[in-house]
Every structure is written in C-alpha cells, then in structure tokens.
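Student: Dropping the structure in here first, questions after.
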Amino acid sequence: MQELGKQQKMVIGMVGLPARGKTYISRKICRYLNWMGFKSKVFNIGNYRRQICGTDCNSNFFDPGNKDASKARDECALLALNDMINYLRNEGDVSLYDGTNTTKQRRKLIMETLQQKFSEVQVFWVESICNDEDVILRNIQLTKLNNPDYVGKSSDEATQDFQQRIEQYAKVYEPIDMDENISFIKIIDIGNDIMIYNIQGFLQSKLVSYLMNLHIYPRPIYLSRHGESQYNVGHKVGGDSDLTQTGLMYAKQLGKYFVQELEGNRNIKMFTSTMQRALRTSNEVCELLGVEYYSLKALDEINPGICDGLTYQQIADKFPQDYEERKMNKLTYRYPRGESYLDVISRVEQIIFEIERSRLPVIVIAHQAILRCLYAYFHEHEVPEIPKLNIPLHQVIKLVPAAYYCKETRIKIDPMTGHWEIQDEATIKKVKSFLDL
Amino acid sequence: MQDCHKSQKIAICMVGLPARGKTYISRKLHRYLNWLGYNCKVFNIGNYRREICGTECDKTFFDSKNEQATKARNECAQMALNDLISYLNGDGEIAIFDGTNTTKQRRNMVQCSLSQQCQNVQTLWIESICDDAEVIQNNIRLTKLNNPDYVSMNPEDATKDFLGRIRMYEEVYQKIELDENLSFIKLINIGEDIQIHKVKGYLLSKIISYLMNLHIYPRPIYLTRHGGSTFNQENRVGGDCDLSQQGIQYSEQLGKFLLDEFPTQEQRNQIHCLTSTMKRATHTADIVCNILKISYLQLKTLDEINVGICDGLTYTQIAIQFPEDFAQRKVNKLTYRYPRGESYLDLISRIEPIIYEIERSREPVLVIGHQAILRCLYAYFHRNEISEVPQLEIPIHAIIKLTPAAYYCEEIRIKIDPETGERKQIEEDLQIERVNLLTKKKSYILL
C-alpha cells in the first residue's frame, strides 16, 4: 500500500516536556513506517547534545536563563535539522525530529528553516502531553536512569536532577496553538484525549490511526508456527496439507506450554489462519486452554502461485529463471499468480494493528513467511532481512515490549518428550537459512 | 476481522446545529458499518417529529420557549430513543441516533437511558461544528429544500425559515464539554480540526479513522472492468490471461471516452488511476493511460477473487468436477469460499483499504478492475445490501460513473462499443430489472 503514499517527503516533529514518551512514540512510528516501506530515521536532539556538549549536563544546563547553554542547545537542534534534511534529500522518505521543541519560537525556527532549505517537504507535529505523575515517574525510571547523562550517579540523585530538568523546560513550555498554522496531533494522557488539526494526505491519516492504537501495557506476544505438516516433511511449498503425527504431538505440547505459561488466565486473544495445519494446531491448544481462536484469511501462508505443491528442487528444474530471480531478491520477487513478501507485509498490516491495540496477551499460530513479517515488525528488523529470518518449527517466540524494544525469549518444545529449552536474547543466534520458503 | 469484535453493542449519537452534516455523517457511517457486516440502523428524530407532529412546522415550533412544542419534541426524541434501545437489545449491533442533541440535559437523558436500559453498550458522541456560512448555505440548499417540511414553500422562504430554525437552536446550544463524561469526537469545519476524547475499542477506533477521511468534494468515481479477455470469451474463471482483440479495442475506446470527459491535460493529470496486478487489467490500464498521458498504480488488493482449485475451469467443468461446491455456491454465493481460494466476504475485507483511499481522494478516481472486485466497490458506493453483492451487474465494456451527491451517489452507466466506439447510456431502472431477472434464473451463474 506504500505506493499510495510515496509522493512527498515528510518531517515529523515531536513536541513535549521530558519523560512524556516522545522517543518512545518516534521510535514506534519509525518502526511502523520502515516496515510499511517508507525509509525513516529518528534524529534525536539529545544525542547530538550529548556528543557536542558532553554528558555531564546537570539541570542547570537546561535553564532557559543560561545564555551559553541555550545557544549550544540551539546549535545542536540545527545540526540535527541539517542532518535530517540531508537524509531526506538522499535516500530517506520520512525524518523524525525527536526533541522537546517546547516553544513557539523553536517550532517557528524549524518551520522557517525547512521552508528555506527544503520547501517541498510536508511537516507534521506530534505533541505528547501527560499530567499523570505516576506515569512520568515510571518513564524516568525506565528510560532515563540508564541514560549516559546519569552514569555514575545514584538513581535517587538522577531522578531528582531529571525532575529539575523537567521544571526548567516547564518554565517556558508553550503547547501547540492553532494559530501557529501547523498540522498536528496532540496525544494527551496516553491517548485518553486526542486532538488533530489539519492533517493531510494518506500517510498522516494512517499515522493518526496508528497512534490512536498505541498504549503502554506490557502484554506478551507469542508467535508459533503450526506443528510439522506433511508438506514440511516432503519439502514442498504451499498446499493445504494436514499435520503429521509429530506435528500433532507438538500441538498438544504447545497447549501444555500455554496452560503453564498463562497460569489459568483465559483473557487472551488468539489468531490463526484458515489453513488446515494451523487450524488443527490451534484446535489442540484451545481445547487445553479453554479459549476460542479467530481464524483469519489474512494470516494464510504466502501464496506460491504456480509453484504450489512443488519441492524447491522441482521449482529449480521447472522454473530455473524464477528460481534465480527469487534467490537474488527474495523480498520483492512475486511468484507467478502468487505473492511476494511485500504483498504479505501489506496483507498482514491489519494484524499488526490488532496486536498493537490489544491489552491482553496475544497468541498467533501461523506460518513461516507470515511470522517472519510479524516478528520483523516487533523485533525491529530491517525489511530486507525479513525473508531470511529464522522461524523454525516447534518453537515459540515470546516477545514482551519493554521501554524501547521487545525482550525476546525462544522456547523450543520437543514434540515427543514435551521438554522445553529456553533461549534468552543473549543465546539466540540468527542463522541464515538458504533453503527457505 | 469483525468476528473478533462483536461483543459489545454500540450507540452512536450525533450532536450539532441543523445543517451541520449530521445526517450525512450518520448515513455514511451506516453505509460503512453495514458494508463491513454489522447490523446497523439510523434513527432520525426529525422523521419521528414529522410523523407525529406533521410537516407544517415553521421555525416557531423549534423555539425553546414554546412549551407545548418543546414537550412534543421531547416525546418524539424519547420515542426514537425507545425504538433504538429495542433495536440494540434485539439483533441490532450498532444504532445511530441522528438528532441535534444540543443541550447537556438532552445528552444526559440519552446517556442515562442507554446505560440503564441496554445491556453492555458502548456510546460514542459525534459533534459536528461548522461556522463557515457558505458551507451551511450549501447544505441547506442541497438537503433541506427537498425536505417534506418545505414542500409547499418556495426556496427563498424555505431558506429563510430554516435559518430562523437554526437560530432557535443556537439560543440553547451547549457544546459537549469534558465534565459530561462522554466518549466523543468533535469534527470542526469538516474535519479540519478534530478532537477525540476517551475513545477506546476496535470499532470506535475504526469509526474515527473512517470519519477522518470524509470530505464533501463531489469528485467522480469511475469503475470499469478490464477489456474482454480470452478467458471471458471461453467462459472460464480465474487465470491471468491477456486481452482479446475486442478487449484491446475497448481499452482504446475507453481512453477516448475519458479524453472527452476530461478535456484539458491539467484535468487528466489529476486522475487517480488504480488497477490490479493481473495482465488483463494492466494491459487495459496501459492503453488507457497512454492515451490520457497519465500514470497508474498497480495494487494486488484489486486482483480478482481467487478461485482456488477452480482456476481455469469453465462453469460447466466446475459443475461436473466439483458438484458439491457448485451447489453450495448457488445456495450462498456471498459466504462460499472456493477451496484454496476466497469468498466474497474475504474480498470485502481485502478491499477495505481501497474504500478508504477512494473516500479520502479529492480528485477523480478511475478503477480498472474485475467483476467480483467491482461488485464489492460498487455495492459500497451504491449502498446495496451485502447479500446483493454477488449478483450485481457489472457488464463488460461499460463504464460506471458515480458522483457523490447529498445522501447518495448519482450514477451513470455508459456502454462503449469496442469496434465503433459508440456510447450508449444504460438506464438505471433497466439495470435493476436485470438484477431481479438474474436472481430468478437458476442455471445462469456469474462469477
């Protein structure tokens, strides 16, 4: 669907006091846009400031009355802005300007600079406002204390200094006003209230829908392929084959895993495809858990068109040209009368929204290509890596969203013995499989 | 996707002065939600008022100081609300309460009634605010003057009276405020400014996304099938074949037709042309866009319905090889899914993003698609019932032009002869007749 939006370059400017989730939001947006096919990058003004002014800046540095510091901070902002414009001029589609941008003057400076240097760009502002003290404190604890600014300081000291820093900003904070004549969305108290003004175009519209669905509940996401199927054993692609005996055993063991993992919690959302092997696997799991699943065609495996039912060797023999083409560009190659990975990404987008939206644990029982796309989104992989990601059979991938990323755990389940082998992030090796779908 | 979310009932209540587009929004939402598969109904307070109090109500009827009239109006609102609540407690899933609801008191009454008398209902309030005098004047002209209330008046008097009616409402208008504790969305000046408060949930989020994309630019939408293909000639389904000779001719004639529709290159450059990734459609688009000197977008989401194992067969072959499936499809063409293929319901789900895209577009849209796909698109704009979708007539070598008007779409169908280029407008009522004939015929089955 990205073809619909590839007209203008775009700058998304963040606005808000510190610890309001600006970096969280910019990184989420960046992740979503990249996954959809828009080359995006976040330019964090804080990083520029740390590089140029060093990391030993206590809250006095942020005092608006401190003329030298203010000048230095403005310079950092402009440096980031320049890099951002260069990025857009070259390979970028969207730049995210992640900074506080809390005064009308600063926002005006940015708009004017962009007008001068890059007038064809669309600008869209995202303001995050939060008045809930608990949320702010939690943000500070989760994201600021590990910040290079506070290395070597105790967490109490760091929290106190950071709160003072916020107060410095609050002194001069001017929330976006309609008379500034800019397109914006204000997100208040994590989406309790949203104000949208003058949004234009396909991409801004999509982003607003996306932002409306974000929340910060740390619900886990479980991804698993169906159990081993007959076609898996025969190394054939496509088809709608059933599970093998081993596959069926995995399904039962998977059910047992979830019974233990979820500890009797039936408030979960489970999604699967419309294909036999996935449905049977889901059936087994749901019987043990006592929940229902939703069968969605959007989760069906990638359609291999005319190659349906063939082995890779047969494809290489019958369609040597296509075989070569696919090896060269597995991401964009579309099976004749079938799909490409890009088509699958497009197809699976609604599931991403569904998972983002959900505040309940989510289980997805699907297929290799589908899970590669979903996994890549949550685990922040580059889109070109998608067709080679390692999603083996008989393994559950557990993703738990943390501050800026997802904590990943992989659980290998032996179908015969039911024995679990847990691999945490550190021991997961990413293996490139060449003989893949 | 909707199966995951059919747990709660939803009541959508409109708020706003007269001529602010409340009925327009209600009917658009009604169309969208029905098309997505929800049981949805609009309850318009004005209609109840007209039935009970008659249509001879001039502006003094709406004066808040007119005690008798106010009592009558409150009774009408209550009746509409009662019917709405019965609907939701029955098999209705979403109900839209279309009225001004301009005072806190009225809104409070409605909100309380809903929470007390409906089991498990979510409410969303949609307030439409507009202070652009031109837009309001235009609304009055387009929708009020044909209103039964003004049947015996001339347009000037009617407009004057209606403006007077608006003033009556303005005297007591209280915009939604935060302390009312309602979930709401305020649409200001046709979506230029939007405020959303406490809106959560799958369907409500979807509704918001939909509303954000609405506008009132009367841009035309052209729907046409690709030119005739070799499979069409052989009565085969599926496949990715190319155009027949006639199909190529049609494409050329279609290009010429559009040249006449859009006389200047500037106008042509504005056309948003969408097609599928299948040969017959892209070949048609190639020819047409070459003539118009514009580009087109290929979208896999516009590909024809996937017929799975029946791909490449004729209907007779399907009847012989898969008699059970053939019979099943006859019985329920809407939900029947070809083995390893799709159903019409899958299609509707698949093309939803295209609907958004067309709604959003303020420029003319040209879709060169396939029969099943166009049936779904057409049904959405033409407000057909979902059950009718699989039987709608979308003939080959014809172009359908839809122009959104106040509450519906104006439609023109033009058949273009591929050889002579002769253009003949097909009458709409003839077309309806044809649909009825088709549903009665037993052996003739369209894809």
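The values are calculated or read from the model by the stated rules, or taken from the named source; none is laboratory data. Note that this is a predicted model, so its numbers are computed, not measured. Neighbour counts run over all protein chains shown; Cβ positions are idealised from the backbone, glycine included. These accessible areas exclude ligands, DNA and RNA; they are computed on the full protein's heavy atoms, side chains included. Shrake-Rupley method; radii C 1.70, N 1.55, O 1.52, S 1.80 Å.
Student: Protein chains only, probe 1.4 Å: how do B:Lys256, B:Lys198, A:Lys144 rank by accessible area, largest first?
Tutor: B:Lys256, B:Lys198, A:Lys144
Student: Let me ask something additional. Counting other Cβ atoms within 10 Å, keep those with at most 14, restrict to DSSP loop, and tell me which chymotrypsin sites (Phe, Trp or Tyr not before Pro) in segment A:177-238 are left. All intermediate terms of the calculation are to be shown ahead of the outcome.
Tutor: Details: sites: A:Phe184, A:Tyr197, A:Phe202, A:Tyr210, A:Tyr222, A:Tyr231; in loops: none.
Taking segment A:177-238 and a limit of 14 other Cβ atoms within 10 Å, no loop chymotrypsin sites (Phe, Trp or Tyr not before Pro) are found.
Student: So if we plug the beta-carbon distance of B:Glu67 and B:Arg362 into 1/(1 + (r/R0)^6) with R0 = 51 Å, what FRET efficiency do we get, rounded to 0.05? Write down the numbers at each step before the final one.
Tutor: Details: r = 46 Å, r/R0 = 0.91.
The formula returns an efficiency of 0.65 here.
Student: Gain in length, A:Asn146 to A:Ile306, computed as 0.36 nm per residue apart minus the alpha-carbon separation, to one decimal in nm? Please report the intermediate quantities before stating the final value.
Tutor: Values: separation 160, 0.36 × 160 = 57.60 nm, distance 5.26 nm.
Working it through step by step, the gained length comes to 52.3 nm.
Student: Find the centroid of the Cα atoms in segment B:196-246 and in segment A:17-35, then give the distance between the two in whole Å.
Tutor: 32
Student: Between segment A:343-417 and segment A:209-227, what is the C-alpha centre distance in whole Å?
Tutor: Their Cα centres are 9 Å away from one another.
Student: Helix-only estimate, please: 222 nm mean residue ellipticity of chain A, summing -39500 (n - 2.57) across DSSP H runs of length 4 or more and dividing by its residues, to the nearest 500. Provide the component values of the computation, followed by the final result.
Tutor: Values: 14 runs with 178 residues, N = 437.
So the helix-based figure for chain A works out to -13000 deg cm²/dmol.
Student: Please compute, for the alpha-carbon atoms of the protein assembly as shown, the extent along each of the three principal axes and give them in descending order in Å.
Tutor: 82, 81, 58
Student: What does the charge add up to near A:Ala366, with Lys and Arg as +1, Asp and Glu as -1, over the other residues with Cβ less than 11 Å from its Cβ?
Tutor: On the way: positive: A:Arg225, A:Arg277, A:Arg372; negative: A:Asp300, A:Glu301.
Once positives and negatives cancel, what remains is +1.
Student: Additional query: Simple spin-label model, 7 Å along Cα-to-Cβ: A:Thr103 to A:Asn60 in nm?
Tutor: It is 2.0 nm.
Student: Okay, next question. In what order, largest first, do B:Arg106, B:Arg423, B:Arg167 sit by accessible area if the probe radius is 1.4 Å? Don't skip to the end; give the middle numbers.
Tutor: On the way: B:Arg106 40, B:Arg423 100, B:Arg167 135 Å².
In descending accessible area the options line up as B:Arg167, B:Arg423, B:Arg106.
Student: Taking the inverse of the average 1/r across all pairs of different Cα atoms in chain A, what Kirkwood radius in Å do you get?
Tutor: Details: mean 1/r = 0.0419 Å⁻¹.
Computed over Cα pairs of chain A, the Kirkwood hydrodynamic radius comes out at 23.9 Å.
Student: Using only Cα atoms, find the angle between the long axis of helix A:155-172 and the longest principal axis of chain A, and express it within 0 to 90 degrees, rounded to the nearest 10.
Tutor: 60
Student: Another question about this same structure. Over the Cα atoms of segment B:9-211, compute the convex hull volume and normalise it per residue, giving Å³. Write out the running numbers ahead of the final one.
Tutor: Values: hull volume 23.9 nm³, N = 203.
Considering the Cα atoms of segment B:9-211, their hull volume per residue is 118 Å³.
Student: Moving on. Compare A:Cys53, B:Cys241 by solvent-accessible area with a 1.4 Å probe and give them largest first, with all protein chains kept in place.
Tutor: Details: A:Cys53 45, B:Cys241 20 Å².
Largest accessible area first, the residues go A:Cys53, B:Cys241.
Student: DSSP loop (so not H, G, I, E, B), at most 12 other Cβ within 10 Å: list which GluC sites (Glu not before Pro) in segment B:34-82 pass both filters. It would help to have the intermediate numbers written out before the result.
Tutor: Numbers: sites: B:Glu51, B:Glu56, B:Glu67, B:Glu75; in loops: B:Glu56.
Answer in residue order: B:Glu56.
Student: Looking at the P(r) of segment A:221-431, how many percent of alpha-carbon pairs lie beyond 30 Å? Walk me through the intermediate numbers first.
Tutor: Values: 4250 of 22155 pairs.
That fraction is 19 percent.
Student: Just the Cα atoms of chain B: what Rg and Dmax do they give in Å?
Tutor: Reported Rg and Dmax, both Å: 24.4, 75.
Student: So, in nm, how far is label A:Asn198 from label B:Gln270 when the simple model puts each one 7 Å beyond its Cα toward the Cβ?
Tutor: Simple spin-label model gives 2.2 nm for this pair.
Student: For a quick check of your reading of the filter: which trypsin sites (Lys or Arg not before Pro) in segment B:309-381 sit in a DSSP loop and have no more than 13 other Cβ atoms within 10 Å? Write down the numbers at each step before the final one.
Tutor: Working: sites: B:Arg329, B:Lys330, B:Lys333, B:Arg337, B:Arg340, B:Arg350, B:Arg360, B:Arg362, B:Arg375; in loops: B:Lys333, B:Arg337, B:Arg340, B:Arg362.
Answer in residue order: B:Arg362.
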